[in-house]
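**Q** This is the structure, below, for whatever I ask next.
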Amino acid sequence: MINQLIWSIGTLTLAVLFLQLCKFIIPYLRSSQLIKYKTEDAYALITGATDGIGKAIAIELADNGFNILIHGRNVEKLKSVEKEIIRKNTACKVINLIHDGSKSSRMDIAPISHLPITILVNNAGVGPISELATMSNQEIDQTIMLNTAFPSQLTHDLIPFLKKASLILNVSSYAGILPPPYLAVYAGTKAYNNAFSISLARELENIEVISLLSGLKI
Ligand SMILES: NC(=O)c1ccc[n+]([C@@H]2O[C@H](COP(=O)([O-])OP(=O)(O)OC[C@H]3O[C@@H](n4cnc5c(N)ncnc54)[C@H](OP(=O)(O)O)[C@@H]3O)[C@@H](O)[C@H]2O)c1
């Protein structure tokens with residue numbers, strides 16, 4: 001009887017672990033869906049595209065034939081990324097957008113709203129590691145503004161201009177579902193990014209919304 005119980009628990013545990021493994025592996029086996037958004041002359045807008053994940057996504061999308069709208073605060077860094085993209089993809093059109101998303105959540109999209117944008121990557125974000133009590137009020141406000149209000153307003157303003165079959169990719173973090181210490185504000189903003197994405201995905205019909213849960217590799 002006890003043996004049978006242990007055997008059942010073991011089988012159940014193995015089944016759960018197997019399902020978790022499948023859930024982890026399946027996204028890596030899926031073929032790219034990018035072609036869905038690749039209409040003629042399609043543009044992709046990537047916020048925080050001068051460094052890290054945003055820059056890598058911008059380069060990858062340019063390599064896949066998209067024209068690119070790169071956003072950041074630093075003109076020199078934007079120009080350098082623009083050069084890097086054009087060197088590899090001579091036909092790619094690159095437009096730079098300068099806006100500090102921690103100071104104001106509204107970026108002027110009037111100059112780009114006529115473009116056939118099919119991908120928006122809300123990537124710009126900061127994550128100061130610190131005890132909450134030692135963070136300055138300004139640091140808290142700016143983190144919340146850049147990580148939540150800025151992508152929300154940009155998405156809100158762009159949705160009416162996005163073409164059919166578009167993608168909104170919100171770069172979130174595992175911190176939003178497994179919040180570690182010393183990252184209370186950051187983890188809170190990333191939980192917001194996840195909930196925002198799931199709600200919006202249920203609301204929009206022709207626009208796919210994905211929350212990318214990236215994690216620090218150490
Ligand atoms: N790296 C990780 O391990 C990791 C893990 C989980 C989640 N994430 C998420 O991934 C995203 C990108 O992270 P990352 O590590 O790749 O970042 P990063 O290398 O530090 O680059 C941040 C980008 O955001 C821009 N940015 C920063 N503050 C800004 C502001 N106030 N206004 C406008 N743009 C601003 C920067 O532009 P400037 O040139 O103007 O500074 C830069 O292009 C973030 O949302 C982060 O939460 C990262």
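The values are calculated or read from the model by the stated rules, or taken from the named source; none is laboratory data. Please read all numbers here as calculations on a predicted model, not as lab measurements. Positions of Cβ are backbone-derived with ideal geometry, glycine not excepted, and every protein chain shown enters the neighbour counts. To get the accessible areas, we keep the full protein, side chains included, count just its heavy atoms, and leave off ligands, DNA and RNA. Shrake-Rupley method; radii C 1.70, N 1.55, O 1.52, S 1.80 Å.
**Q** Would you check which residues across the range 43-75 are near the ligand (Cβ under 7 Å from one of its atoms), buried (at least 17 other Cβ atoms within 10 Å of the Cβ) and without any contact (Cβ under 8 Å) to a residue 60 or more places away in the chain and list them?
**A** Selection gives Thr50, Lys55, His71, Gly72.
**Q** Inspect the range 14-29 for any residue being of a type in the set (Ser, Thr, Tyr), farther than 30 Å from Gly101 by Cα and modelled with pLDDT under 95 and give the result as yes or no.
**A** Checked the range 14-29: at least one residue is of a type in the set (Ser, Thr, Tyr), farther than 30 Å from Gly101 by Cα and modelled with pLDDT under 95.
**Q** If you don't mind, another one. May I ask you to list the residues in the range 122-172 that are in contact with a Leu (Cβ under 9 Å, 6 or more places away or on another chain) and among the aliphatic types (A, V, I, L, M)?
**A** Across the range 122-172, the qualifying residues are Ala124, Val126, Ile129, Ile140, Leu154, Leu158, Ile159, Leu162, Leu167, Ile168, Leu169, Val171.
**Q** Same structure, new question: In this structure, is Ile144 part of a loop (DSSP other than H, G, I, E, B) and of a type in the set (A, V, I, L, M, F, W, C)?
**A** No.
**Q** Could I ask something else about it? When both residues are 6+ apart or on different chains and their Cβ atoms are under 7 Å apart, which pairs have a first residue that lies in the range 160-185 and is aliphatic (A, V, I, L, M), and a second that is in a loop (DSSP other than H, G, I, E, B)?
**A** Ala165/Asn206; Val171/Asn123; Val171/Gly125; Ala175/Leu183; Leu183/Gly127; Leu183/Ile129; Val185/Met135
**Q** Another question, if that's okay. Please state which of the following conditions Ala149 fails to meet, knowing it meets all the rest: (1) in contact (Cβ under 8 Å) with a residue 40 or more places away in the chain; (2) in contact with a strand residue (DSSP E or B) (Cβ under 8 Å, 6 or more places away or on another chain); (3) among the hydrophobic types (A, V, I, L, M, F, W, C).
**A** Single failed check for Ala149: (2).
**Q** Please state which one of Ser104, Ser31 is among the hydroxyl-bearing types (Ser, Thr, Tyr), open to solvent by 40 Å² or more (accessible area, probe 1.4 Å) and within 16 Å of the ligand (Cβ to nearest atom).
**A** Residue meeting the stated conditions: Ser104.
**Q** Just give me the residues in the range 76-98 being loosely packed, with under 15 Cβ neighbours inside 10 Å and among the acidic types (Asp, Glu), in sequence order.
**A** The answer is Glu76, and nothing else.
**Q** Restricting the search to the range 170-212, which residues are of a type in the set (Phe, Trp, Tyr) and either away from the ligand (no atom under 15 Å from the Cβ) or closer than 22 Å to Ala44 by Cβ (or both)?
**A** Within the range 170-212, just Phe196 meets the criteria.
**Q** When you scan the range 155-175, how many residues do you find that are surrounded by 19 or more Cβ atoms within 10 Å (Cβ to Cβ) and either under 20 Å from Ala56 (Cβ atoms) or not assigned by TED's automatic domain parsing to the domain that holds His71 (or both)?
**A** Number of matching residues: 7.
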